[in-house]
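Each reported figure results from applying straightforward, stated rules to the coordinates on display, with no laboratory input. Since the structure is predicted, the reported quantities are computational estimates derived from the model, not experimental observations. When we count neighbours, we look across all protein chains shown, and the Cβ atoms used for this are built from the backbone with ideal geometry, even at glycine.
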Amino acid sequence: MSKSKSTGFYMRVVHRYLGFFLAGIMTVYAISGVILIFRETEFLKVEKKVEKKLQPNTEINKIGRALRIRDFKITKTEGDLVYFNNGTYNKETGLVNYTSKEFPYILEKFVHLHKATTKQPLFYLNVFFGVSLFFFSISAFWMFLPKTKVFKKGLYYTLGGIILTIVMLFL
């Protein structure tokens, strides 16, 4: 007569192999997450020269929006040339030249991993990853018997992680 396997057995098996699979995804997410923290700085960014054509005589207050430049500020105007942070706009021709700081291509793709929306294929990876991590954290409680000292200590560490996260959210 074969003995049926327990839920704990299956949780441990799925947890083990899902953990190995997620190790690769977590590595990429960890790298991209750390890079994303520095998105407001120039860390790891390279200078890129940009040349665009806008409509001639675009309203000054609409140039920043059209170029998608945050904190757009005009520094001076001389004739047809409008100077702004790191660039110029020619009112007569509509030609814009400026420099921007951006992540190199591969790092930009890493950063985009965290910013994916429901309109992009990365959305499915993000949902899968989130659900898998949730399962991973819940299935960890099946690794040890509830009456053991390790399990009880694990509950304290879990509570500590929850409290630390909540405190950090409100700082």
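Remark: the range 49-64, residue by residue, has Karplus-estimated 3J(HN,Hα) of 8, 10, 10, 9, 10, 9, 5, x, 6, 5, 4, 4, 6, 9, 5, x Hz, where x stands for each Gly or Pro and the curve is 6.51 cos²θ - 1.76 cosθ + 1.60 at θ = phi - 60°. For a modelled paramagnetic label at I37, 7 Å from Cα along Cα-to-Cβ, the residues of the range 133-171 in reach, with backbone nitrogen under 20 Å, are 161-171. If the chain linking Y83 and Y124 were pulled fully straight, counting 0.36 nm for each residue of separation and taking away their Cα-Cα distance, it would gain 10.5 nm.
Angle of helix 105-115 to the longest C-alpha principal axis of the chain, folded into 0 to 90 degrees and rounded to 10: 60°. Label-to-label distance, N97 versus A66, with points set 7 angstrom from Cα along the beta-carbon direction: 1.8 nm. Report which label in [x] 53, 18, 13; [y] 34, 21, 14; [z] 30, 24, 16 holds the value of semi-axes √(5λ) of the Cα gyration tensor in Å derived from the coordinates of this structure. After the calculation, the listed value that fits is [x]. Annotation: lysines with alpha-carbon distance below 21 angstrom to K76 (same-chain offsets under eight excluded): K49, K52, K53, K62, K91. Averaging the sequence gap over all C-alpha pairs within less than 8 Å and six or more residues apart, then dividing by the number of residues, gives the range 54-171 a relative contact order of 13 percent. Close amide-amide hydrogen proximity is noted between F103 and V46, each under 5 Å apart and 5 or more residues distant or on a separate chain (H modeled in the peptide plane; Pro and chain starts excluded).
Relative to the dominant Cα principal axis of the chain, helix 7-37 is inclined by about 20°. Highest-first packing order for the peptide set 139-149, 95-105 is 95-105, 139-149, based on the mean count of other beta carbon atoms within 10 Å. Excluding same-chain neighbours fewer than eight residues apart, the lysines reachable from K48 by a Cα-Cα span under 20 Å are K73, K101, K109. When peptides 3-10, 86-93 are ranked by their average number of other Cβ atoms within 10 Å per residue, the highest-first order is 86-93, 3-10. The angle between the Cα long axis of helix 149-169 and the main principal axis of the chain comes to about 20°, on a 0 to 90 degree scale.
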